[in-house]
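Step one of this worksheet: look at the structure below.
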Amino acid sequence: MAQDVDRSLLTVADVMRDLAHGPDSVEATERWLREVLDPEHRLFQLYGPDGDLRVKSSRLHTELVLSPAARGNVALGRPTFETVNLNGRWVRVVTVPVRQG
């Protein structure tokens, strides 16, 4: 079951990454997420190349802090899967790097 969840997360993250290229990248990605994903279960954040939070889902009331492992893997171009406690609930998180060019 965990492998299915991870595969699903990675598929969504890959689509987000592909949408993140272009002049209206943040807006296009956010629009896609809002239209396609179940509003009751979607939580997302997009960071800029400077590491600053650019956009997050309205249902995410606090920022998900990237772990040191996730930050290191992003720098190496690798995804990271983690299970984190968010306001007393365990959620599965994937961190995927977005690179231009």
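The values are calculated or read from the model by the stated rules, or taken from the named source; none is laboratory data. Owing to the predicted nature of the structure, the values given are computational and were not obtained by experimental measurement. Every residue, glycine among them, receives a Cβ derived from its backbone with ideal geometry; neighbour counts consider all protein chains shown. Protein only, heavy atoms only, side chains kept; ligands, DNA and RNA dropped before computing areas. Shrake-Rupley method; radii C 1.70, N 1.55, O 1.52, S 1.80 Å.
Here are some notes:
- Annotation: of all residues in segment 75-89 being at pLDDT 90 or above and hydrophobic (A, V, I, L, M, F, W, C), the one that is nearest to the chain's Cα centre (by Cα) is Phe81.
- Among the residues of segment 70-80, those identified as surrounded by 12 or more Cβ atoms within 10 Å (Cβ to Cβ) and either of a type outside the set (Lys, Arg) or in a strand (DSSP E or B) (or both) are Ala70, Gly72, Asn73, Val74, Pro79, Thr80.
- Test: Arg59 is open to solvent by 40 Å² or more (accessible area, probe 1.4 Å), outside any helix (DSSP H, G or I) and either modelled with pLDDT under 85 or not charged (D, E, K, R) (or both): yes
- Every residue from segment 81-101 that is over 19 Å from Asp52 (Cβ atoms) and either assigned to a loop (DSSP other than H, G, I, E, B) or not charged (D, E, K, R) (or both): Phe81, Thr83, Val84, Asn85, Leu86, Asn87, Gly88, Trp90, Val91, Val94, Gly101
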